[in-house]
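First the structure, in the form of C-alpha coordinates, and then the observations on it.
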Amino acid sequence: MAAERLLSTKQAADALGLAERSLSRWAREGRLTPRIETPGGQFRWDLEDLRTQLRALRRKTD
(Lines give C-alpha, C1' and ligand atoms only; values in the text may rest on other atoms or scores of the structure.)
Protein backbone atom coordinates (compact mmCIF):
# COMPACT_ATOMS: atom_id res chain seq x y z
CA MET A 1 0.00 0.00 0.00
CA ALA A 2 1.41 3.38 -1.01
CA ALA A 3 1.87 6.03 1.65
CA GLU A 4 -0.66 8.81 1.56
CA ARG A 5 0.81 11.94 -0.01
CA LEU A 6 -0.10 15.00 2.00
CA LEU A 7 0.59 18.48 0.71
CA SER A 8 1.46 21.66 2.53
CA THR A 9 -1.00 24.51 2.24
CA LYS A 10 1.23 26.21 -0.35
CA GLN A 11 1.52 23.04 -2.43
CA ALA A 12 -2.24 22.43 -2.29
CA ALA A 13 -3.05 26.05 -3.13
CA ASP A 14 -0.63 26.02 -6.06
CA ALA A 15 -2.09 22.75 -7.37
CA LEU A 16 -5.60 24.20 -7.29
CA GLY A 17 -4.82 27.75 -8.41
CA LEU A 18 -5.87 29.24 -5.08
CA ALA A 19 -4.24 31.75 -2.80
CA GLU A 20 -2.39 30.11 0.08
CA ARG A 21 -3.83 32.69 2.49
CA SER A 22 -7.40 31.88 1.42
CA LEU A 23 -6.91 28.17 1.97
CA SER A 24 -5.39 28.77 5.41
CA ARG A 25 -8.17 31.19 6.36
CA TRP A 26 -10.91 28.78 5.27
CA ALA A 27 -9.30 26.05 7.40
CA ARG A 28 -9.05 28.34 10.45
CA GLU A 29 -12.71 29.36 9.98
CA GLY A 30 -13.76 25.70 9.82
CA ARG A 31 -14.97 25.89 6.23
CA LEU A 32 -12.38 23.30 5.14
CA THR A 33 -10.79 20.49 7.13
CA PRO A 34 -7.17 19.55 6.50
CA ARG A 35 -6.17 15.89 6.79
CA ILE A 36 -3.92 16.79 9.72
CA GLU A 37 -2.65 19.80 11.60
CA THR A 38 0.96 19.51 12.73
CA PRO A 39 1.97 20.30 16.32
CA GLY A 40 3.33 23.58 14.91
CA GLY A 41 -0.10 24.52 13.54
CA GLN A 42 0.63 23.81 9.86
CA PHE A 43 -2.02 22.13 7.76
CA ARG A 44 -1.45 19.07 5.56
CA TRP A 45 -3.91 18.31 2.79
CA ASP A 46 -5.00 15.34 0.74
CA LEU A 47 -5.59 16.88 -2.69
CA GLU A 48 -8.58 14.75 -3.70
CA ASP A 49 -10.26 15.27 -0.33
CA LEU A 50 -9.65 19.00 -0.62
CA ARG A 51 -11.21 19.07 -4.10
CA THR A 52 -14.29 17.32 -2.71
CA GLN A 53 -14.54 19.82 0.16
CA LEU A 54 -14.18 22.77 -2.21
CA ARG A 55 -16.96 21.46 -4.46
CA ALA A 56 -19.24 21.09 -1.42
CA LEU A 57 -18.32 24.58 -0.21
CA ARG A 58 -19.08 26.03 -3.64
CA ARG A 59 -22.49 24.35 -3.66
CA LYS A 60 -23.27 25.83 -0.23
CA THR A 61 -22.43 29.37 -1.33
CA ASP A 62 -24.28 29.21 -4.68
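Considering only protein heavy atoms and a probe of 1.4 Å, how much of the accessible area of the chain is carbon and sulfur, as a whole percent? The computed percentage sits at 47. Each residue, residue 28 and residue 52, gets one label point 7 Å from its Cα in the Cβ direction; the gap between the two is 2.7 nm. In order along region 9-16, the Karplus-derived 3J(HN,Hα) couplings, from 6.51 cos²θ - 1.76 cosθ + 1.60 at θ = phi - 60°, round to 4, 5, 4, 5, 4, 4, 5, 9 Hz, and Gly and Pro are given as x.
Computed from the alpha carbon positions, the gyration tensor of the chain leads to an equivalent ellipsoid with semi-axes of 18, 14, 11 Å, biggest first. Taking other residues whose beta carbon is less than 12 angstrom from the beta carbon of residue 57, and scoring Lys, Arg as +1 and Asp, Glu as -1, yields +4. Remark: accessible surface ordering of 51, 31 (largest first) is 31, 51, probe radius 1.4 Å.
Taking amide H atoms as placed 1.01 Å from N in the peptide plane, the amide H of residue 46 lies under 5 Å from those of 7, 35, each 5 or more residues away in sequence or on another chain. For the chain, the solvent-accessible area works out to 73 Å² per residue, with a probe of 1.4 Å and every protein chain left in place. Highest-first packing order for the peptide set 6-13, 54-61 is 6-13, 54-61, based on the mean count of other beta carbon atoms within 10 Å.
Put +1 on the Cβ of each Lys and Arg and -1 on the Cβ of each Asp and Glu in the chain; which of 8, 33, 47 then has its Cα farthest toward the positive end of the dipole? Among 8, 33, 47, the one farthest towards the positive end of the dipole of the chain is 33. Among the GluC sites (Glu not before Pro) found in the chain, those both in a DSSP coil and sparsely packed, with 13 or fewer other Cβ atoms within 10 Å of their Cβ, are 4, 29.
Here the relative contact order of the chain, from alpha carbon pairs under 8 Å that lie six or more residues apart, stands at 34 percent.
Length gained on full extension, residue 37 to residue 61: 6.1 nm, using 0.36 nm per residue less the C-alpha separation.
The values are calculated or read from the model by the stated rules, or taken from the named source; none is laboratory data. Given the structure is predicted, the values throughout are model-derived calculations rather than measurements. Every residue, glycine as well, gets a Cβ built from its backbone with ideal geometry; the counts of neighbours run over all protein chains shown. Ligands, DNA and RNA are stripped out before the accessible areas are found, and what is left, the full protein with its side chains, is counted by its heavy atoms. Shrake-Rupley method; radii C 1.70, N 1.55, O 1.52, S 1.80 Å.
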